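The values are calculated or read from the model by the stated rules, or taken from the named source; none is laboratory data. If you're wondering where the values come from, they're calculated on a predicted model, not measured in any experiment. Here the Cβ is made from the backbone with ideal geometry for all residues, glycine too, and neighbour counts use every protein chain on show. For accessibility, only protein heavy atoms count, side chains too; no ligands or nucleic acids. Shrake-Rupley method; radii C 1.70, N 1.55, O 1.52, S 1.80 Å.
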Amino acid sequence: MPGNKYNGNSNHFPGRVERLLRVRELRKSSRVSHLNDSADNCNGITEPFELEQRVREDDNFSVSYVEQFLEGAAAARVLSEGCERQDGRPFRQRLLVVANRLPVSAVRRGEDSWSLEISVGGLVSALLGVKEFEARWIGWAGVNVPDEIGQKALTKALAEKRCIPVFLDEEIVHQYYNGYCNNILWPLFHYLGLPQEDRLATTRSFQSQFAAYKKANQMFADVVNKHYEEGDVVWCHDYHLMFLPKCLKEYNSKMKVGWFLHTPFPSSEIHRTLPSRSELLHAVLAADLVGFHTYDYARHFVSACTRILGLEGTPEGVEDQGRLTRVAAFPIGIDSVRFIRALELPQVQDHIKELKERFKGRKVMLGVDRLDMIKGIPQKILAFEKFLEENAQWRDKVVLLQIAVPTRTDVPEYQKLTSQVHEIVGRINGRFGTLTAVPIHHLDRSLDFHALCALYAVTDVALVTSLRDGMNLVSYEYVACQDAKKGVLILSEFAGAAQSLGAGAILVNPWNVTEVAAAIAQALNMSSEEREKRHKHNFAHVTTHTAQEWAETFVSELNDTVVEAQLRTRQVPPLLPTKNAIERYLQSTNRLLILGFNATLTEPVDRKGDQIKEMELKVHPELKEPLTALCSDPKTTIVVLSGSDRNVLDDNFGEYDMWLAAENGMFLRITKGEWMTTMPEHLNMEWVDSVKHVFEYFTERTPRSHFELRETSLVWNYKYADVEFGRLQARDMLQHLWTGPISNASVDVVQGSRSVEVRAAGVTKGAAIDRILGEIVHSKSMRAPIDYVLCIGHFLGKDEDVFTFFEPELPSEGMGIVRTKATDGLKLPGERRSSLKISASKSGTKSSQRAQRSSPNSEKKITNLVSGSARRPSPEKISWNVLDLKKENYFSCAVGRTRTNARFTLGSPDDIVSFLKELADAASPSSE
Ligand SMILES: O=P(O)(O)OC[C@H]1O[C@H](O[C@H]2O[C@H](CO)[C@@H](O)[C@H](O)[C@H]2O)[C@H](O)[C@@H](O)[C@@H]1O
Ligand SMILES: O=c1ccn([C@@H]2O[C@H](COP(=O)(O)OP(=O)(O)O)[C@@H](O)[C@H]2O)c(=O)[nH]1
């Protein structure tokens, strides 16, 4: 195959980790040199100072911060390492960030005037921390703009902030954002289950919401496509845009597309309840790189793809027909410097003073959450109530400040939550409050950045009790602002942050109100030494694992994933050049077509796999005509070479005029004649009973696995069993076969992707082929050599020796098969061709000799193996080149595999059908 092992290319391609380590080093040294450059800067303004200066100068801090980010002040240094444009200027990679929400929400002030306010939420906070790229942000401005004047004016206002709007009308927002995103995906991904469909009005059924979701995603894609320039990196964010990678790749398969999920990805058992589960997974898999906050979420995603879609999960990601979607964990961080520096600002200091005064003599606990059911606000307040109940001495000495930012207020579940929280807070304040003080201060609003930083800095304990949370940046921000006070973080074990801040925090199960109450007591009573130790640990994490690091790592892995895919593609043989294969076929005089059966000529089955249907192999109904036509051509010999047993081939191909080679060529029959065996005479089959016991044992213990007892092999198949259990069982089985009592038997154990096969040693399709050829040549009384070979199949690695058997490009030395290079006068200078000399007195004798060579234990004679099968009598001695094959006339083709020895590939049996139809049409007498 071009570019495969025969090329002997010894160039060293650095592996993925090697490449990523290099990029990381470059990034680090670039940062050092950047800092040095900045320090040497004559006006002395380094980037953070510049930011701070702007903060001081600008009342509207948030918008200026957005501006600072979007102006790409620090530009794309990382990826520009070593890359200069021809004009010597550094290459700047553009990053298109695509998220449902823009970092600013628009408020209409007049027909053509708009003001912009920063959007609240973890995604916005994190991405604003990313300053290394020349970024454009594409998203929805959070407002319906039906008129053209308004749209134009808003587009212009946003363009100044390097934001590009996607205009979604009210109905779409209702069905896509409030409906599918926030009423279906959001609760499902946070383990809150799906809403009952009958609770929704008919216009809000799953179907219509999903249709709106797809439509909205296409609208985002249209805007990206409009602004995309070659070389850009497109980074899609979150559950709102799971369809986007697919839409983008359909438009331009070369686009570098990454997708990152900010929420948890739930266990596959939860995801599989979603009616559109498969479509969504496939759409995400169109991306080059898929990222999650934690390894757990990544693992759940891969497992959903293997269990629901039946794809292969590998340590790198998910593989579908040779294409890999890389899946990995990229824990997000915050721009810690921004918080640390903000604490020094006079307005923040003023806030801090005020707060200290206000809560003098009391310990202050803080909760900052969007008012969302995933944040566990009711559970938090109930735990606080329990704490007050059990610790009367603390009642007038502690206060809980709960900032509950209103969010998704159009969704009924969120409205209900607001009332529920108000009710509980009222009850507790009524119960424990005094005339002058209440234990809970509950605010239904957001705070500005400075007020938030001040709160983070003065409070003694932060209480994060999310029932599930993708990461939870509030916990990071709290730690960043606590370097003076060293407050305690109580953190839900169900927040992604628990994996990174778990060492320093007190981890709790938020559902266990008693445990949380105890954690509150522990935090309030903690010694300063312990607080310091815990804080130090988490502070180190928060200040090193920043939002910048997160984005740089993601984008550099995305770039690298594309490089890796290109390297992989180079190793993948090209698609079968069908036109050329047909042309060469028409020009040749003695053609041999070797066709596999299973997954080559079989009827397509539903992707999920219907076990009963699939186990009964059926030839593709559309192949009837082309096969009949091709078989009737006297210049063409067709052999179906399969692992299946004789009955299966009889049932499927009995009506055609062709050769059937069952059990990997151990039995051969021309359809007009009897079955004969080409089996080596002394093939040892004494192991069969022992292996059968082993297979029975594993089949009994592995639901939905089955085994097939053939005459020369046994196959245990676990394709329909639980994939992970099946693999474990296969491992156990293989261990036993390799090391147990039958390990010395003369067998080969062949591992398929979801099967284990045990065969007599030396039995392969390649080993059988010259015996088969001998019989065919003899039976057809062939006198002219075969000058065209087409060999197509979905073969196990071990059987791919049938591809190499005919390979004119291969040196003949060292091959276990009898082949000679053509040396006759027909050979032209520089011409490569394969030839096969049949020189033994009978093909069967030659075959059995070879089988003996490859299996030292095969001296025991095979007896009565097949009743009713005749061993062919010796054909008369023939000694001539039966094969005279120019490389241009050899077409080996793997079906549905990309790692192969074949020269070419085809994707599926459907492609074979189209090709054979075309071939038969071209060869039919009417088209001549
Ligand atoms: O824009 P909204 O619908 O009002 O919601 C705000 C954001 O909430 C979610 O944030 C998540 O991202 C954070 C950063 O990665 C993470 O720390 C947090 O755990 C997540 O809940 C949502 O994923 C965003 O899309 C929303 O913008
Ligand atoms: O009044 C507020 C309350 C919160 N936040 C920000 O909202 C984000 C919340 O992110 P988190 O990851 O904790 O949860 P999410 O809301 O994204 O689910 C944090 O960056 C907070 O600083 C804010 O800007 N103003």
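Here's the yes/no breakdown for (1) more than 16 Å from ligand 2 (Cβ to nearest atom); (2) more than 15 Å from Val368 (Cβ to Cβ):
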| residue | (1), (2) |
| --- | --- |
| Ser466 | no, no |
| Glu477 | no, no |
| Gln482 | no, no |
| Lys486 | yes, yes |
| Phe494 | no, yes |
| Met526 | yes, yes |
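Restricting attention to segment 689-713 and to residues that are of a type in the set (A, V, I, L, M) and crowded, with 20+ Cβ neighbours inside 10 Å, the residue that is nearest to Val750 (Cα to Cα) turns out to be Val691.
Whether any residue in segment 529-538 is more than 22 Å from Val399 (Cα to Cα) and within 28 Å of the chain's Cα centre (by Cα) is what I want to check. Within segment 529-538, not a single residue is more than 22 Å from Val399 (Cα to Cα) and within 28 Å of the chain's Cα centre (by Cα). Conditions: (1) open to solvent by 20 Å² or more (accessible area, probe 1.4 Å); (2) in contact with a Lys or Arg (Cβ under 6 Å, 6 or more places away or on another chain). Met685 meets all but one. Number of the miss? All conditions are met except number (2). Of all the criteria given as (1) assigned to a loop (DSSP other than H, G, I, E, B); (2) over 42 Å from the mean Cα position of the chain (by Cα); (3) at negative phi, the one not satisfied by Arg445 is (2).
Pick out the one residue from Val438, Val411, Val405, Val425 that is farther than 21 Å from Leu366 by Cβ and not aromatic (Phe, Trp, Tyr).
Numbers: Val438 fails: farther than 21 Å from Leu366 by Cβ; Val405 fails: farther than 21 Å from Leu366 by Cβ; Val425 fails: farther than 21 Å from Leu366 by Cβ.
None of the others qualify; the one that does is Val411.
Scanning segment 735-788 for residues that are surrounded by fewer than 22 Cβ atoms within 10 Å (Cβ to Cβ), in a strand (DSSP E or B) and of a type in the set (A, V, I, L, M, F, W, C) yields Val749, Val750.
Answer with yes or no whether Lys356 is crowded, with 22+ Cβ neighbours inside 10 Å and either within 16 Å of ligand 1 (Cβ to nearest atom) or under 30 Å from Met526 (Cα atoms) (or both).
Details: crowded, with 22+ Cβ neighbours inside 10 Å: no; either within 16 Å of ligand 1 (Cβ to nearest atom) or under 30 Å from Met526 (Cα atoms) (or both): yes.
When the stated conditions are applied, Lys356 does not pass them.
For His262, the criteria (1) more than 16 Å from ligand 2 (Cβ to nearest atom); (2) open to solvent by 10 Å² or more (accessible area, probe 1.4 Å); (3) touching a helix residue (DSSP H, G or I) at 6+ places or on another chain (Cβ under 6 Å); (4) not hydroxyl-bearing (Ser, Thr, Tyr) hold in every case but one, which is (1). For segment 398-412, a residue qualifies if it is open to solvent by 10 Å² or more (accessible area, probe 1.4 Å) and over 19 Å from His442 (Cβ atoms), and the qualifying residues are Asp410, Pro412.
Kindly indicate which of Asp350, Asp372 is open to solvent by less than 10 Å² (accessible area, probe 1.4 Å) and either out of contact with any helix residue (DSSP H, G or I) (no Cβ under 7 Å at 6 or more places or on another chain) or closer than 20 Å to Ile440 by Cα (or both). It would help to see each step written out before you state the result.
Numbers: Asp350 fails: open to solvent by less than 10 Å² (accessible area, probe 1.4 Å).
The unique qualifying residue is Asp372.
Matching residues to (1) without any contact (Cβ under 8 Å) to a residue 12 or more places away in the chain; (2) within 16 Å of ligand 1 (Cβ to nearest atom); (3) open to solvent by 20 Å² or more (accessible area, probe 1.4 Å):
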| site | (1), (2), (3) |
| --- | --- |
| Gly139 | no, yes, no |
| Val143 | no, yes, yes |
| Glu148 | yes, no, yes |
| Ala159 | yes, no, yes |
| Pro165 | no, yes, no |
| Asp169 | no, no, yes |
| His174 | no, yes, yes |
| Cys181 | no, yes, no |
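Return a yes/no flag: does segment 294-303 have any residue that is out of contact with any strand residue (DSSP E or B) (no Cβ under 8 Å at 6 or more places or on another chain), open to solvent by 40 Å² or more (accessible area, probe 1.4 Å), under 30 Å from Leu388 (Cβ atoms) and part of a helix (DSSP H, G or I). No, segment 294-303 has no match at all.
Each residue in segment 385-407 was checked for being touching a strand residue (DSSP E or B) at 6+ places or on another chain (Cβ under 7 Å), closer than 15 Å to Ile424 by Cα and not aliphatic (A, V, I, L, M), and 1 of them qualify. Restricting the first member to segment 115-127 and to residues that are under 17 Å from Ile332 (Cα atoms), and the second to residues that are of a type in the set (Lys, Arg) and at pLDDT 70 or above, the beta-carbon pairs closer than 9 Å and six or more apart or on different chains are Val120/Arg370; Gly121/Arg101; Gly121/Arg370; Gly122/Arg370; Leu123/Arg101; Val124/Arg101.
Of note, Tyr456 satisfies the criterion of being in contact with a Cys (Cβ under 6 Å, 6 or more places away or on another chain) and open to solvent by less than 10 Å² (accessible area, probe 1.4 Å). Of the residues in segment 361-384, none is in a helix (DSSP H, G or I), more than 30 Å from Asp560 (Cβ to Cβ) and more than 44 Å from the chain's Cα centre (by Cα).
Taking into account only those residues within segment 428-452 that are in contact with a helix residue (DSSP H, G or I) (Cβ under 8 Å, 6 or more places away or on another chain) and more than 16 Å from ligand 2 (Cβ to nearest atom), which is most open to solvent (accessible area, probe 1.4 Å)? Lay out the reasoning, then the answer.
Within segment 428-452, the first condition is being in contact with a helix residue (DSSP H, G or I) (Cβ under 8 Å, 6 or more places away or on another chain), and the residues that meet it are 428, 431-432, 438-440, 442, 444, 447-452.
Cutting the leftovers down to more than 16 Å from ligand 2 (Cβ to nearest atom) gives us 428, 431-432, 438-440.
On the way: Ile428: 0, Arg431: 119, Phe432: 29, Val438: 50, Pro439: 3, Ile440: 4 Å².
If we take residues in segment 428-452 being in contact with a helix residue (DSSP H, G or I) (Cβ under 8 Å, 6 or more places away or on another chain) and more than 16 Å from ligand 2 (Cβ to nearest atom), then Arg431 is most open to solvent (accessible area, probe 1.4 Å).
If you go through segment 457-477 and pick out every residue that is assigned to a strand (DSSP E or B) and either more than 12 Å from ligand 1 (Cβ to nearest atom) or without any contact (Cβ under 8 Å) to a residue 60 or more places away in the chain (or both), you end up with 3.
The sole residue among Glu493, Glu515, Glu529 that is modelled with pLDDT of 95 or more and farther than 21 Å from His190 by Cβ is Glu529. Against the numbered list (1) buried (at least 21 other Cβ atoms within 10 Å of the Cβ); (2) free of Cβ contacts under 8 Å to residues at least 24 places away in the same chain, Trp716 comes up short only at (2). When we screen Arg338, Arg307, Arg326 for residues that are under 17 Å from the mean Cα position of the chain (by Cα) and either surrounded by fewer than 22 Cβ atoms within 10 Å (Cβ to Cβ) or in a helix (DSSP H, G or I) (or both), the only hit is Arg307. Remark: pairs (first residue in segment 731-747, among the acidic types (Asp, Glu); second residue surrounded by 15 or more Cβ atoms within 10 Å (Cβ to Cβ); Cβ separation under 9 Å; 6+ apart in sequence or on different chains) = Asp732/Phe698. Residues in segment 791-809 that are of a type in the set (Val, Ile, Thr) and either buried (at least 24 other Cβ atoms within 10 Å of the Cβ) or part of a strand (DSSP E or B) (or both): Ile792, Val802.
For segment 513-628, which helices (runs of 4 or more DSSP H) that fit wholly inside it have 2 or more residues that are of a type in the set (A, V, I, L, M) and surrounded by 16 or more Cβ atoms within 10 Å (Cβ to Cβ)? Before the answer, list the steps.
Working: elements: 513-524, 528-544, 547-571, 578-587, 611-615.
Result: 513-524, 547-571, 578-587.
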